[in-house]
Amino acid sequence: MRFDLVTLFPGFFESTLRYGILERALRSDLASVQTHDLRNWTHDRHRTVDDRPFGGGEGMVLKPQPIFECVESLGVSPKSSRDLTRESVILLSAQGKRFTQSTARRLAALSRVVLICGRYEGVDERVSQLLCDDELSIGDFVLSGGELGAAVVIDATVRLLPGVLGHEDSSRYESFGLGYEASAELTPDGVPRSTHGAGGLLDYPHYTRPAEFRGVSVPEILSGGDHSAIRRWRRQAALAKTLANRPDLLDGASLSDDEREFLADLEAGSRS
């Protein structure tokens, strides 16, 4: 998979690409990242990339011409004939759709993604209208530019590529992971599974050694060896954590009657 980054600060990514899972994926040629300095597509001695907004207002706006020329030089198809199952051009913008794990899974199925990093007050709207397939935002806040957002998108997407994580189930049995199926109660080796797919909710709590730390012990059920019981406990713990921290994720979630009753009891207990 190839990422192309259109940015005013290509040096920003030198550190973010050099560590952890992302660095290993790039070194193993499971993914590649190329940065493109937007100022290389300007035609004046000041290498101007921005201008004042029509209609007045604060700040400066990134001009369309350098962005169009840069992206068109990369050999991606025109928007009108672009195969969105293979490639996509995306603008990082505070005005964009919220980037989610579902978005990352969709991007991970592509061969190529071009990320345009916005700056200043914004980007000329014709970039979104005529060049981009999507606008994405990583949250309900404003950053100085799209570079941090692009780094988040790359990291979240690359870790979903086959062969990047140490175990093929690692990206499933975590927060926002895929749903749980009854057929998944056994591992490929026929061992009862103690984990539970998140189904778009938050992950369950994790514990490691020591079994007791500063007066708090690991839940006894996790040491009992009953994989089915552990799986049930983890599912309920994940539901409780989601209710406490991200109740919005429960809207439309696929829940059993027992799970809905469990959540109702939790909510009743919190009100009493």
Name the single residue that is modelled with the lowest pLDDT among those in region 148-168 being under 17 Å from the mean Cα position of the chain (by Cα) and farther than 27 Å from residue 83 by Cβ. 165
Every residue in region 44-60 that is part of a loop (DSSP other than H, G, I, E, B) and either surrounded by 13 or more Cβ atoms within 10 Å (Cβ to Cβ) or touching a residue at least 12 places away in the same chain (Cβ under 8 Å) (or both), please. 47, 48, 49, 53, 57, 58, 59, 60
Taking region 13-44 and keeping residues more than 19 Å from the chain's Cα centre (by Cα) and of a type in the set (Phe, Trp, Tyr) leaves 41
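This table checks each residue for (1) at pLDDT 95 or above; (2) open to solvent by 50 Å² or more (accessible area, probe 1.4 Å); (3) in a loop (DSSP other than H, G, I, E, B); (4) not β-branched (Val, Ile, Thr).
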| position | (1), (2), (3), (4) |
| --- | --- |
| 69 | yes, yes, no, yes |
| 90 | yes, no, no, no |
| 110 | yes, no, yes, yes |
| 113 | yes, no, no, no |
Restrict the check to region 34-42 and report whether at least one residue is among the aliphatic types (A, V, I, L, M) and in contact (Cβ under 8 Å) with a residue 60 or more places away in the chain. no
Mind listing whichever residues of region 7-25 are exposed (fewer than 12 other Cβ atoms within 10 Å of the Cβ) and more than 12 Å from residue 159 (Cβ to Cβ)? 11, 14, 15, 18, 19
Within the set of pairs 6+ apart or on separate chains, which have a first residue in region 70-88 that is over 19 Å from residue 150 (Cβ atoms), a second that is in a loop (DSSP other than H, G, I, E, B) and basic (Lys, Arg), and C-beta atoms under 9 Å apart? 77/86
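The values are calculated or read from the model by the stated rules, or taken from the named source; none is laboratory data. For clarity, every value in this text was computed on a predicted model and none was experimentally measured. Cβ: placed from backbone, ideal geometry, glycine included. Neighbour counts: every protein chain shown. Calculation scope for accessible area: heavy atoms of the full protein, side chains included, ligands and nucleic acids excluded. Shrake-Rupley method; radii C 1.70, N 1.55, O 1.52, S 1.80 Å.
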